[in-house]
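Report on the structure given below.
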Amino acid sequence: QVQLVESGGGLVQAGGSLRLSCAASGRTDSSVAMGWFRQAPGKDREFVAGIRGSFTHYTNSVKGRFTISRDNAKNTVYLQMNSLKPEDTAVYYCAADYSIAGLLKKEDSDPWGQGTQVTVSS
């Protein structure tokens, strides 16, 4: 089983940028779907972005602001977040699955890493 470690979170003002990283313990070639989720206080965990091969998928609220990418040589997936808003404040988690559809079916009962906190001040 692939183990994932998220990093790169922090405190940023609205309009600022952050880049999150997710390092995988095992080999994750481009055929493996990788994705980012987030959970804000008092809210359910939600899908943010996913990538498999050259295909990417984003939730509507981050389209045009966030970009997911991966470096297979480093077994790392990134989430570049620009034009951040206070409503982007959440703990961000990464996940892996065989497909984007599989990522979208992830549940809270699935194993998750510790996540990385992103706080956007107004």
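The values are calculated or read from the model by the stated rules, or taken from the named source; none is laboratory data. These numbers were taken from a predicted model, which means no experiment stands behind them. Cβ atoms come from the backbone with ideal geometry, glycine included; neighbour counts cover every protein chain shown. Accessible surface is based on the protein model in full, side chains and every heavy atom, while ligands, DNA and RNA are left aside. Shrake-Rupley method; radii C 1.70, N 1.55, O 1.52, S 1.80 Å.
Here is how the numbers come out for the structure above:
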{"read-out": "With every protein chain in place, the chain: carbon and sulfur % of accessible area (1.4 Å)", "value": "47"}
{"read-out": "Å² of accessible area per residue within the chain, as computed with a 1.4 Å probe and no ligands counted", "value": "53"}
{"read-out": "Spatially close lysines, pair count over the chain: Cα under 20 Å, gap of eight or more or interchain", "value": "4"}
{"read-out": "Listed peptides 100-106, 78-84 by packing density, highest first (mean Cβ within 10 Å)", "value": "78-84, 100-106"}
{"read-out": "Estimated FRET transfer efficiency (R19, K43; beta-carbon r; R0 22 Å; 0.05)", "value": "0.40"}
{"read-out": "Residue with peak Gaussian network fluctuation, the chain [Cα springs, cutoff 10 Å], from S17, S69, S109", "value": "S109"}
{"read-out": "Difference of contour (0.36 nm per residue) and Cα-Cα distance, E107 to S69", "value": "11.4 nm"}
{"read-out": "Computed lengthening from Y98 to N60, 0.36 nm per intervening residue step minus Cα-Cα distance", "value": "11.4 nm"}
{"read-out": "Highest-MSF residue in the chain out of G42, G50, G64 [GNM, Cα springs under 10 Å]", "value": "G42"}
{"read-out": "Most mobile of T59, T89, T67 in a GNM of the chain (Cα contacts under 10 Å)", "value": "T59"}
